[in-house]
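Q: Here's a structure for you.
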Amino acid sequence: MELYNIDKVGFGKRLMAFIIDMIICSIIGALLSIFTGNTLLEFFFETSQVNETAAAIESLGAGAQGELVNTIFSAASAIGLVGFLILILEGFTGQTPAKMLLGIKIANQDGTNATTNILFLRTFLKNISSVLSLIAIILAIPLVKTIGSFFGFIIFIGCFFALGSNKQSIHDMISKTAVFKIADLKEK
């Protein structure tokens, strides 16, 4: 039951926010990897893993591509870290940098402010594939990654539910949230 008759933000603006967040994440991550060099690389990956991968590529006759492998691993580490920080931000505030730029925010489906617990639940559900993949890597249980991929596919398909008249994705429906224009929320 909605307390306010305010419009929810639909698929297009939410997709735009996702794309902007990916661009922001990539740019900041790339800059971070330039400034930190191999520091993040050593934090996220074992040195032996990176060296073995670089040696394997060089042995294929690709020339001196080992440094390229280090750069790619370093950039992936930095971009992953920035992406994780954006997820934490969304869990605490209901907004990512792109949502802030576009003037939209996650709230309860009735238009009231969502609690941090609800926001983190929604963020967890939206990113369940990544969370379970991380758990699979830490615990070295490949089945967990497979399960995460299955749930990730469901969430991906569920994102298209935002095209409907209710304008809620599956993770919104489960967590009883929706995305609104901030201006509409402030008026209520």
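The values are calculated or read from the model by the stated rules, or taken from the named source; none is laboratory data. Since this is a predicted model, take the numbers as computed values, not measurements. So basically every Cβ, Gly included, is an ideal-geometry build from the backbone, and we count neighbours across all protein chains shown.
Q: Which count do you get for residues in region 120-140 that are within 16 Å of SER175 (Cβ to Cβ), among the polar types (S, T, N, Q) and in a helix (DSSP H, G or I)?
A: Total meeting the criteria: 1.
Q: Return the residue satisfying two criteria in turn: it lies in region 161-174 and is in a helix (DSSP H, G or I) and under 17 Å from the mean Cα position of the chain (by Cα), and of such residues it is surrounded by the fewest Cβ atoms within 10 Å (Cβ to Cβ).
A: By that ranking, first place goes to ILE170.
Q: Out of THR116, THR123, THR177, I need the residue that is over 24 Å from MET16 (Cβ atoms), of a type outside the set (A, V, I, L, M, F, W, C) and at pLDDT 90 or above. Which one?
A: THR116
Q: Considering (1) more than 30 Å from ARG122 (Cα to Cα); (2) touching a Ser or Thr at 6+ places or on another chain (Cβ under 6 Å); (3) β-branched (Val, Ile, Thr); (4) modelled with pLDDT of 80 or more, say which one VAL69 fails and leave the rest.
A: (4)
Q: Regarding region 105-119, can at least one residue be identified that is assigned to a helix (DSSP H, G or I) and crowded, with 20+ Cβ neighbours inside 10 Å?
A: Yes, because at least one residue in region 105-119 is assigned to a helix (DSSP H, G or I) and crowded, with 20+ Cβ neighbours inside 10 Å.
Q: Kindly list, by first and then second residue, each pair from a residue in region 108-134 that is more than 21 Å from GLY152 (Cα to Cα) to a residue that is aromatic (Phe, Trp, Tyr) and buried (at least 17 other Cβ atoms within 10 Å of the Cβ), limited to pairs with Cβ atoms under 7 Å and residues at least 6 apart or on different chains.
A: What qualifies is GLY111/PHE180.
Q: Right, another one. Of all residues in region 5-30 being over 13 Å from the mean Cα position of the chain (by Cα) and without any contact (Cβ under 8 Å) to a residue 40 or more places away in the chain, which is surrounded by the most Cβ atoms within 10 Å (Cβ to Cβ)?
A: ILE27
Q: Could you list, in sequence order, the residues of region 100-119 that are in contact with a strand residue (DSSP E or B) (Cβ under 9 Å, 6 or more places away or on another chain) and more than 15 Å from LEU185 (Cα to Cα)?
A: Selection gives ILE118, LEU119.
Q: Answer with yes or no whether GLU2 is assigned to a helix (DSSP H, G or I) and modelled with pLDDT under 95.
A: No, not satisfied.
Q: I've got another one for you. Consider LEU143 carefully, then state whether it is touching a residue at least 24 places away in the same chain (Cβ under 8 Å) and assigned to a helix (DSSP H, G or I).
A: Answer is no for this residue.
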